[in-house]
1. Separation between the residue A:306 and residue A:155 pseudo-spin-labels, each 7 Å from Cα along Cα→Cβ, expressed in nm?
2. Which of rounded, prolate or oblate describes segment A:131-383 when judged by the alpha-carbon gyration tensor and an a/c cut-off of 1.5?
3. For chain A, find the longest principal axis of its Cα atoms and tell me its angle to the long axis of helix A:31-41, 0 to 90°, nearest 10.
4. Evaluated at 4 °C with a viscosity of 1.567 mPa s, what Stokes-Einstein diffusion coefficient in µm²/s does segment B:2-236 have when Rh comes from the Kirkwood expression over alpha-carbon pairs?
5. Calculate, in nm to one decimal, what residue B:226 and residue B:161 gain on full extension: separation in residues at 0.36 nm each, minus their alpha carbon distance.
6. Evaluate peptide B:269-279: per residue, the Cβ atoms of other protein chains within 10 Å of its Cβ; return the mean as an integer.
7. Per residue of B:328-340, how many C-beta atoms from partner chains lie within 10 Å of its own C-beta, taken as a mean?
8. Can you run the Rg to Rh ratio on segment B:79-126? Use alpha carbon positions and the Kirkwood inverse-distance Rh.
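Derivation of every value follows stated rules applied to the coordinates shown; laboratory data play no part. Just so it is clear, the model here is predicted, and its values are computed rather than measured. Please note: Cβ atoms are built from the backbone with ideal geometry, for glycine as well, and neighbour counts cover all protein chains shown.
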Amino acid sequence: MRHVAAAAIAALVFTGAAEAKTWRIRAGANAEQQLQTALIEAHPGDTVQLGRGRFELSGGLSLDVDRVTIRGDGHERSILSFNNQRRGAEGLLITSDGVTLRGFAVENARGDAIKARDCNGIHIREVRVEWTGGPSADNGAYGLYPVNCDNVLIERSIARGASDAGIYVGQSRNIIVRDNLAELNVAGIEIENSFNADVFDNVATRNTGGILVFDLPGLPQQGGHDIRVYDNEINGNNTPNFAPAGNIVAGVPTGTGVLIMANRNVHVFDNEIGDNGTVNVLISAYRQSFQDENYNPLARDIVIRDNRFGNAGFAPAGDLAALSQLGVAMPDVLWDGANIYSSGGMARTEQVRIVVNDNRSTRTRIGSFLSLGMSSAGSPLTEAQPDPTPPPVVDIPEPERVRIRN
Amino acid sequence: MRRQILAALATVVLATASATAQDAPPVNTAAVAAERPPELLSAYHFFRDAGARQPNEQVTPYDLNTPLYSDGALKFRYVFIPAGQQAQYRDEGVFEFPVGTVLIKTFAFAADMRQPTENVRFLETRLLIRRAEGWVAYPYVWNEAQTEARLSPIGANIPVNFTNEQGQAIALDWSVPNRNQCKGCHDLAGELTPIGPSARNLNRDHNAAFSDVVAENQIDAWTQDNLLSGAPPANEAPRVPRAFDPASGSLELRARAYLDVNCAHCHNPQGPAHTSGLDLRWSQHQPIAWGVGKRPVAAGRGSAGFEFAIDPGHPERSILLYRMGSTDPGVMMPETGRQLVDEPGTALIEEWIAHMDAEGRVRE
């Protein structure tokens, strides 16, 4: 592909005549072949324009040319339909840099809807990804799925029905996720094993869990850090968990607003978080055994401040249901209390800083807090020693605003 | 069975080659070097005949110890190395081939795969050409009459009917990969890269004699034929077993040879599936990296509800085997390149996992 790009640039330089081209694709019998041909033969700077209508696709599409824009006539009008997909692990795969996707929909992909892998610069705007039959374990895992990318921008988009995460950014760096709607997924928005993300002005509703910030062991990039989650509406995430067992999100309790698992320096502020049946904010260590000696399973340097909490804890699910049955009332912010973990056969203790401050609640006026006092990561809940005393308020510098550079 | 096929084919190739006139034009190196590839495969003169059964001078057939499964298709492999040049030997990975090298692979089915030399229909011939700036891939699709193969950079679907080795009638849409799909497998750190011709996979006897050289082992023969430089004698070079020949290696080594060829082109630290953390290369010696006790990351419903990629002793709850046995595009592994299940391959991996101890090793 690089030599094609080089040739295109050379042509521009030497002739001065080559101009960015627009490939116009109409829905219809030959659309699939025309569309994939355009995605292969496009040159950097070109636009692939999808007409109005429904494009029926039998195989996954892929783009490997830098600086191409794929745009449609709006995500309700230009629809890539994978109802009859027979080939390909995703609907649309992007593996080149500086790609923009805008104004179209991907429906009912057999696997992931849109995956962008190893990209520097992926901008997704006003795109809808959806499994139209509603929540089902047979739906694909991820809706919008950049992985190992730099400079990720996802905005004004919609993700519905993913059996894992509607918007999932994994093992990436420099990320903005804003103004999106994520609903009816297991996880609405998930930032996993990533560095420097701003997640704001989104609506995450009717998922199993609204917004998740995870760090998992054993992956090429781990040690997620510097994440800001702010100005989001994270309400009514009570869809029963429909993730296939075995996947990490299958363990997310139905009715979770925000879940932070492992990670360092995560700031959650100025959000509206309510009507989540289990808990509004859950902070936890990674609770399973692992062999990765470089991995830290603790959630540490976490700030939860200035949020507006609504109702929560009215239908606790998962492990936390058992706790509730013991008479422990679900707070707005629940922390497992972990500050010790075992790695390579050695116990390691950290000074874990959790700040919960200036949150308001429609239930209790001041946002409530509970530590389960399970100091070892992964302790069984039978060892919980609940303690409502908020940890001391200390200053944890907020990560700098993310700026997209490509 | 596979050996018989190849041996039978060798006989065919030999017989026809010796009967051919000596004045066939040499390989068209201008076509190989051209920025825009020729529309027809015949323009390269890799073969003496229009049907591409008889390789030209300097076009050397080769075979692999353990090949990639492609719905059971027959594969005919050749390498063209420009005159006076050699591939540089490497212990690990694919040899360093000189600019102008072409790896040629034809995919075919016999009408009845129990008679693999009769009624053989060529579907496509894929070229991997070594350019100064890297490898490029060009698929050529054969016509119905089997008289010409035409460039098809955006891929194609070819309906195929055949009887498989078990005597079952099979119908499938053979999927010729488009340029991006080629890279789906042939990708190392973003660069198109060949998969097969490594020392360990070439280190075997060849099935088709191709020169006056007496050596039967391909590495020795390539060295004697001046196609390869820097190679040790074959008996000192690494070698993978033939996955389905128990005489060629232990169960663990045969299983890992299979996974190396069928999976590791993506599942390696620089390959398309590097984000999964699964590393199935032959050179990877940590069972956790093969998936033993490894939890899924982004498997979705590919997990089938199981906890681990490989649950030692329990093939019935190992995600890796489950995905090998699926033909659902959202579940199956590999993601491309097959529509059928590799029954002998899944049986091998099932046996391997069943015999694993808790550490993921098979002690024999």
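1. 2.1 nm
2. Judged from the Cα gyration tensor, segment A:131-383 comes out rounded (a/c under 1.5).
3. Rounded to the nearest ten degrees, it is 90.
4. Taking Rh from Cα pairs, D becomes 71 µm²/s.
5. The residue B:226-residue B:161 span can extend by a further 19.3 nm.
6. 4
7. 4
8. 1.19
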